[in-house]
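Q: Attaching a single structure in structure tokens format; questions to follow.
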Amino acid sequence: MATKIFVFGSIGGQLRAAFGKLATLHGKNAFSLAIVTGNLFAEDQDDDELKAFLDGQIPITCPTYFTVGTTALPQPVIDRIEADEEVAPNLHYLAKRSVTKTSEGVRIVTLGGLLDLNIVAGQSKDQVQPYHTESDAKTLRGANHADILLTAMWPADVWKNSPKAKEMDLSSVTSSSSSSIAELCAALKPRYHLAMSPDAFYFEREPFYPESTGEDEKGISLTRFISLAAWGNSAKAKSMYAFTLNRDAIITPPPGSTITPFFRPRRSSPKRSVDQAGFSRFSHGHENDRRPRKRQRERSPPPGPDRCFFCLSNPNLPTHMVACIADETYLATAKGPLPSSNTFRDRGVGFPCHLIITPLTHAPTLGTAAMAEEDAERTFREMTRFRESLQTMVAEKSKHKLGAVTWEISRLRNIHVHWQFLPVPADMALKGTVESGFRVLAKDLQLGDFVVKEFETANSVEGDYLRVWIWADEGEGGRKLEKSLLLQFDENVRFDLQFPRKVMAKLLGLEDRVVWRDVEQEENEEKADVAAFREAFKPWDFTLG
């Protein structure tokens with residue numbers, strides 16, 4: 001079934017007139033959904049009209065989606081959003097920073113509001129105010145793709161390579177556009193990018209495609225950028241638009257289309273050989289075995305970035321636990337940390353210091369089966385930089401009484417790859433106690449043997465595995481240890497994801513904290529731990545530079 005979509009420019013509080021027009025057009029066209037770009041409401045919104053709208057007295061004849069534009073939402077609207085109530089019948093609020101798959105199957109990535117450069121510490125903390133940060137835009141890159149990208153601001157340089165743009169006066173947007181949104185658009189390659197027009201003009205750019213298209217069975221990623229004038233503008237510029245969302249592969253760019261104005265080539269994963277292609281999350285690693293197999297029950301698809309526990313684009317993610325965000329990865333404190341705030345206090349670390357190092361890209365592993373090689377290597381290097389910075393921090397803060405353990409469980413059926421970092425008494429690492437702990441439990445569970453293996457690149461190992469970095473440094477003239485262990489296992493093994501935590505709980509005498517849900521903290525405790533960590537980590541936090 002075709003997905004017919006109707007788009008408004010800023011309505012600016014003219015609710016009765018605009019939705020009356022939508023009702024007329026919907027009766028003739030049967031739209032699947034409607035989207036409002038920019039400001040649905042006005043700063044001086046008529047109270048009576050707003051009440052009638054929220055109470056359903058002004059009919060909204062098809063599912064309609066909106067986000068915050070450049071002006072604040074009226075308080076009655078904010079109250080309903082914060083109470084998690086329906087704003088109005090058939091009206092849906094897309095959080096300011098969000099990834100949403102609508103009931104009609106349309107994937108919308110949203111970044112509302114204007115860029116506020118005064119906020120430098122990560123993401124904006126609310127989802128209703130008309131501003132966003134550079135980190136808000138950066139984290140949404142992890143959404144990977146979108147049918148529609150909805151923003152209040154224009155992406156910088158979108159007018160480049162455009163014959164249409166040369167015929168228009170775009171001075172009002174060239175100085176107020178956003179390079180962060182340009183990078184977001186380049187990363188997501190949405191089918192449509194919708195934005196509001198700051199003045200009374202309409203602009204539909206020629207479709208554009210990545211600089212390097214390569215050979216892709218999915219076709220060319222074609223983006224159409226459209227900016228509508230405000231409803232009822234005096235210049236009578238176009239303020240409404242309708243289109244049918246087409247998901248068919250585009251093999252040849254349509255006439256008039258151009259190369260991307262953002263000059264960000266698509267990074268294609270290298271072609272895999274026939275043997276490599278046979279190894280997937282659904283294969284059993286026996287490429288030469290052609291015997292028919294019993295049909296297994298089909299697994300439900302894994303959560304996308306909008307529902308992933310580790311994706312910053314998930315609107316329900318507890319962002320107060322995010323400590324710092326780099327170019328490819330971010331660092332957050334662990335929910336239900338294994339150590340408590342007192343575990344290492346006598347060694348100079350008065351917070352749990354159980355950290356999660358996570359790529360912004362939503363991928364199950366760092367392997368080329370899940371990420372382009374260049375992206376994987378860049379991500380691996382930055383994760384390693386975080387790990388080494390954390391190791392140095394715990395050593396310095398503890399006067400070298402603490403070392404560290406970091407682990408990664410890599411499986412093709414993972415949801416989102418990440419590393420977990422944990423301090424450990426330096427003696428325990430240097431004397432081999434930590435290594436023995438991992439080896440003994442692996443043997444008891446008949447998982448196989450760990451081998452010592454250095455990891456210099458993201459793709460040092462193929463298949464499913466657990467890797468563990470053990471590190472300690474007693475300082476000048478003292479003992480040093482930096483060892484990495486590898487345990488490979490068949491993808492059909494029901495590997496216990498809590499295996500590393502159980503090892504560390506036993507070694508640290510924290511068996512009563514092995515189940516993270518049993519030691520989950522209150523939000524105020526989590527915020528306090530993040531604040532303490534940020535303060536301690538400042539000298540080594542390369543994201544502040």
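Nothing in this text is a laboratory measurement; each read-out follows from the coordinates by a stated rule. Remember, it's a predicted structure, so these values are computed and weren't measured experimentally. Glycine gets a Cβ as well: all are built from the backbone with ideal geometry, and neighbour counts include every protein chain shown.
Q: Kirkwood-based Rg over Rh for the range 66-172 (C-alpha set), two decimals?
A: 1.01
Q: Also, quick follow-up: Any chance you could give the angle, 0 to 90 degrees and rounded to 10, that helix 433-444 forms with the longest Cα principal axis of the chain?
A: Roughly 80 degrees, rounded to the nearest 10.
Q: Right, another one. Can you pull a Stokes-Einstein diffusion coefficient for the range 166-264 at 25 °C (0.890 mPa s), Rh from Kirkwood over Cα pairs, as a whole number of µm²/s?
A: Numbers: Rh = 14.9 Å.
D, rounded to a whole number, is 165 µm²/s.
Q: Additional query: Of the peptides 219-231, 169-181, how do they stack up when ordered by the mean number of other Cβ atoms within 10 Å, highest first?
A: 219-231, 169-181
Q: Considering only DSSP states other than H, G, I, E and B, which trypsin sites (Lys or Arg not before Pro) in the range 447-545 qualify as loop sites with at most 10 other Cβ atoms within 10 Å? Could the numbers behind the result be given before it?
A: Details: sites: Lys453, Arg467, Arg479, Lys480, Lys483, Arg494, Arg501, Lys502, Lys506, Arg513, Arg517, Lys527, Arg534; in loops: Lys453, Arg479, Arg494.
Within the range 447-545, the qualifying trypsin sites (Lys or Arg not before Pro) (loop, at most 10 other Cβ atoms within 10 Å) are Arg494.
Q: Over all pairs of distinct alpha carbons, what does the Kirkwood formula give as the hydrodynamic radius of the range 306-449, in Å? Walk me through the intermediate numbers first.
A: Numbers: mean 1/r = 0.0608 Å⁻¹.
Across the range 306-449, the inverse of the average 1/r is 16.4 Å.
Q: Are there cysteines in the chain with no second cysteine's Cβ under 4.7 Å away, and if so, which?
A: Cys62, Cys185, Cys324, Cys353
Q: Remind me, relative contact order of the range 1-142 in percent, using alpha carbon pairs under 8 angstrom and six or more residues apart?
A: Result for the range 1-142 is 20 percent.
Q: Percent relative contact order of the chain, based on C-alpha pairs within less than 8 angstrom and at least six residues apart?
A: 11 percent
Q: Still on this structure, please answer the following. If you restrict to DSSP beta bridges whose two residues both lie in the chain, what percentage is antiparallel, to the nearest 5?
A: Bridges in the chain that DSSP calls antiparallel: roughly 65 percent.
Q: Another one. Counting Lys and Arg as +1 and Asp and Glu as -1, what is the net charge of the other residues whose Cβ lies under 15 Å from the Cβ of Trp540?
A: Local charge sum for Trp540: -1.
Q: If you don't mind, another one. Around Gln521, with a cut-off of 10 angstrom between Cβ atoms, what is the net charge of the other residues, counting Lys and Arg +1 and Asp and Glu -1?
A: -4
Q: Which three numbers, in whole Å and largest first, are the semi-axes of the equivalent ellipsoid of the chain derived from its Cα gyration tensor as √(5λ)? Present the calculation step by step, with values, prior to reporting the outcome.
A: Values: eigenvalues 429, 152, 95 Å².
Working from the Cα gyration tensor, I get semi-axes of 46, 28, 22 Å.
Q: Less than 13 Å Cβ to Cβ from Gly448, Lys/Arg counted +1 and Asp/Glu -1: what total charge do the surrounding residues give?
A: Values: positive: Arg439, Lys443; negative: Asp444, Asp449, Asp464, Asp490.
Its environment carries a net charge of -2.
Q: On average over all directions, what projected area in square nanometres does the range 319-544 have, based on the convex hull of its Cα atoms? Intermediate values should be presented prior to the final figure.
A: Details: hull surface 47.4 nm².
One quarter of the hull surface, i.e. the mean projection, equals 11.9 nm².
Q: Does the range 2-86 come out rounded, prolate or oblate, given a ≥ b ≥ c as the square roots of the eigenvalues of its C-alpha gyration tensor, rounded meaning a/c under 1.5 and, failing that, prolate meaning a/b above b/c?
A: Details: a/c = 1.68, a/b = 1.59, b/c = 1.05.
The shape class here is prolate.
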